[in-house]
C-alpha cells in the first residue's frame, strides 16, 4: 500500500504505480519500487504521482507464506517448528495458532 507523499522524502522507499486494475477503485499494479532515492529523484517521484512505500502488504496469507518459503526456507521451517511446538499447549487452553498468526508478529526485512 502506498501513501500520498507530503514531501520528497529520501528516507522512505517509493512506489511507482502502474496500470489501474479494472473493477477496483484506486487499486493499481506496481510499475516499480524505488529504494530511498536521492533528493532530486524524490522530488521527481513526487511530481510523477509516486507514493511512499508503507510496507503494508495486502495478499492472501498462503501466497505470502509461499514467498517466504521460497525466499528463505530456513526462516519458514523455523516458524513451522515453532507453530508445531506451541500447538499442544494452546490446544489445552482451547486456542489455536497458525503460520499466518506468527508471520503477523515478525518483520521479514533483512538488515
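Of note:
- Taking the range 50-66 as the range and being surrounded by fewer than 14 Cβ atoms within 10 Å (Cβ to Cβ) and either touching a strand residue (DSSP E or B) at 6+ places or on another chain (Cβ under 7 Å) or in a strand (DSSP E or B) (or both) as the test, only 54 passes.
- Of all the residues in the range 5-46, those that are out of contact with any strand residue (DSSP E or B) (no Cβ under 8 Å at 6 or more places or on another chain) and surrounded by 11 or more Cβ atoms within 10 Å (Cβ to Cβ) number 6.
None of the figures in this text is laboratory data; all of them are computed from the coordinates on show. As the structure is a prediction and not an experimental result, all values here were calculated from the model. All Cβ positions, glycine included, derive from the backbone under ideal geometry; neighbour counts span all protein chains shown.
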